[in-house]
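Heads up, the thing below is written out as structure tokens.
What follows draws every value from the coordinates through simple rules; no lab data is involved. For clarity, every value in this text was computed on a predicted model and none was experimentally measured. A quick note on method: Cβ atoms are made from the backbone with ideal geometry, for glycine too, and the neighbour counts reach across all protein chains shown.
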Amino acid sequence: MSTQRYLVTARKYRPQTFGELVAQEHVSGTLKNALKLDRLAHAYLFSGPRGVGKTSAARILAKAINCTTPLEQRVDQAEPCRSCDSCRDFEEGRSLNIIEVDAASKNKVDDIRELRDAVRIPPQGARKKVYIIDEVHMLSAQAFNALLKTLEEPPPHVMFIFATTEPHKVLPTILSRCQRFDFRRIAVPEIVERLREICAQEDVTADDGSLILIARKGDGALRDALSVFDQAVALCGTDLKYSELTKALGVVEVDLYFDVSRRVIDQDLAGMLRLVQKTVHAGHDLQEFLAGLAEHFRNLLVARTMEDASLVEATEETRRRYAEEAQHFTESDLLRLLTLAEDASEGLKESSQPRLQLETALLKMASIARAADLRQALEKLQRLEELAAAGKFPKDRSGGGSSGTPNDPEGRTTSPSSDAALSGKPDALPKRSATATDPSSGARMSSSPATVGSSSPAPKRDTQSKGAASKAQIGQSRPTASASAEAKRPTPPSRTVSNPNPAVVLGTPALKRGQTTVRGAADEQVGVGVAEPPPSTHDGADRASSASGEIASITDSWTDVLEHVKHDKIQVWSLLHHARPESYQDEVVVIAVPNDFHRRVLSSQDEYVLSQMRSIVRVPLKGIQFVMREDMDASESEETASDFDPYELMQRKRQENPVVRAIFEQFGGELVW
């Protein structure tokens, strides 16, 4: 180190020429051209962040204007020579022609009046008298007005150079009379390069990590970075190492941030709490920790989305770590983590318990990967809003019974807005009995297969068909055919159809029973239907035998029909997979459904179902009709539907389930019914 009187690095290595200005080439180049062409303005305004060279540029310009060396003999025909009497006087603080004014302390009208009177005195042995007014935005409005006339038409030997960090506070009348130059923040690589030059001159050794850390602490200001450099040399000596420097400056190491991201990947909640304890015990500022964590997720997002990590301000080794770590996340995950970090940083400023605020934020991050894909939940909420906007929801929730909900294979009733809709884990409700009571005879019906219409027990459906489609879209009821035409059709033996897992379909409650919709291929008639038409004996055994082959073919292809409908219209499939083909006559297929709700909704989609069956079933089809069969556990479906209220369950889940609550709080969800 030098044995002369110690000067801080920011003063010792303050730029003395335009070429020494770091990262301000757009300003220095313009000023040098103005000097070459002798097109200097009478007033300049230098604006920009602190510590980027505004005042230094003003001093260099003033020195270059009064330099007595001819332009042809100067560097770039503009730089001050630093060897003439004028340059030496200024650098040694003896110049009477370059006056620096601190507007923060001299901001009154009387101060400006004194300056205005001094302007009339010509320079002594120099070309111009230059007034450098620093922090000019601190002048009062009266002081600005007092300066206005002199600034507009100054004497030919006077030049004004204003410097400010807040140009928006300068009166527009002042701005309009100045040439404005905006200084930019200095990037980390440029600060690092300047620090390397200073280290070489000061005999200081430093690794790349230390220089990058010092540059980042400068936050775009070279002067601030040089102040941190002085502190680092005082703490660590002339050999700067990253590991020692982080402890000396109290900076959070990047390894700690990588620990956070690894615990997010592993969903380690306990590890997050221990990490907070480690951070607090080390004495790190929690606000600074969250700011660094947000930058860490930003670096991961850059490494995840870009081909290279050149935008990550770190060493090459750290950039490789970011590139490897980013592969464990998706862009949406990193955006959500970045949002959580920013929200926690804002909340920490006003929180009375900053540690709890930090712990809550980190626990949310560790749990975010465990949450279900919110896109599915948002799609369901959007479906609710569309149905509500279309007016498809009933106005009276109390009338006509309640809608049922799909059940899983274990007999548990699930809700469209429950955990099953979000995370795939069905919310268990009380199981219901697998048997049903015959409304006509009061006898219990077993689950063994039987022919529809006979006194033998009816087949038990898959438990997934209970309470199907609690909130499906309901269209207008179709006209029904006469009961006599329906009674003529034979009822073949029923089949048990294996159904896939039910989809969550949101719609309106089921309507009352009492009518059966029969839609033919040629025409439609309105009549009163019956819940279960008696078996027909009018056509004879031969006709029934010919129809049995066709219905068997339809039944064999029924699974393919359901699978095709499932990928096309999930709402229709959720109801149709509870139904089964029952009979076939006169090229019209009869499909049995468990309740009136299924019959009404499917009847409104009969043309679509018929077109799907025609494309798969190799039997001529002209029409389709849906009839209700009580032996298909209809009483049990009704019981399940009457006891279930999706609105109340949604309200309860909103209070109890964190995922559902997050949808309402973070995404602005609304409960629509």
Label point at HIS26 placed 7 Å out along Cα→Cβ; residues across region 182-226 whose backbone nitrogen lies under 18 Å: 182-191, 220-222
Relative contact order of region 213-296, pairs being alpha-carbon contacts under 8 Å that are 6 or more residues apart, as %: 18
Shape box of region 122-233 [Cα atoms, principal axes, largest first, Å]: 55, 36, 21
Between region 209-255 and region 333-364, the Cα center-to-center distance that results, in Å: 27
Relative contact order of region 60-156, pairs being alpha-carbon contacts under 8 Å that are 6 or more residues apart, as %: 28
Contact order relative to length of region 9-182, as percent, for alpha carbon pairs under 8 angstrom and 6 or more apart: 29
Alpha-carbon gyration tensor eigenvalues x 5, square-rooted, for region 9-182, Å: 25, 18, 15
ILE570 paired with ASP230, simple spin-label distance in nm, labels 7 Å along Cα-to-beta-carbon: 6.5
Semi-axes of the equivalent ellipsoid for region 189-249, Cα gyration tensor, largest first, Å: 15, 13, 10
Spatial separation of Cα centroids for region 67-83 and region 281-314, in angstrom: 46
